[in-house]
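Okay, structure first, notes after.
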Amino acid sequence: MKKEIKTTQAVFPMPVLMISTFNEDGSVDVMNAAWGTMLSRDMVALNLSETHKTVENIKARKGFVVHIADAKHMLEAD
């Protein structure tokens, strides 16, 4: 069956996303997430495995921040 897929806003080429959360003790946790994209101007989709500490933190604290790695910070992001 042929299905037309709606074109949405996206970030291309796909950047490396840095997802930050807070640990139980208040320290910062940052995860390099290669599998993520914009769904709309105010929504992102992240494909994260349940086994990551970052995912545990997101569920526990109900929040996270998405940072886009730039060329200046390529070594740190890699």
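The values are calculated or read from the model by the stated rules, or taken from the named source; none is laboratory data. Predicted model, so just to flag it, every value in this text is computed and none were measured. Cβ sites come from the backbone with ideal geometry, for glycine too, and all protein chains shown count toward neighbours.
Inside the range 27-39, residues that are over 16 Å from residue 15 (Cα atoms) and touching a Ser or Thr at 6+ places or on another chain (Cβ under 8 Å) make up a count of 2.
Having 2 or more residues that are within 27 Å of residue 6 (Cβ to Cβ) and in contact (Cβ under 8 Å) with a residue 12 or more places away in the chain is the bar; report the strands (runs of 3 or more DSSP E) wholly within the range 20-74 that clear it.
Fully inside the range 20-74 and qualifying: 36-40, 43-46, 65-68.
The listed residues are 14, 38, 31, and the only one of them that is surrounded by 11 or more Cβ atoms within 10 Å (Cβ to Cβ), under 11 Å from the mean Cα position of the chain (by Cα) and either modelled with pLDDT of 95 or more or closer than 21 Å to residue 75 by Cα (or both) turns out to be 31.
Could you look through the range 41-78, keep only residues that are of a type in the set (S, T, N, Q) and loosely packed, with under 10 Cβ neighbours inside 10 Å, and pick out the one that is farthest from the chain's Cα centre (by Cα)?
Across the range 41-78, the extreme among qualifying residues is 51.
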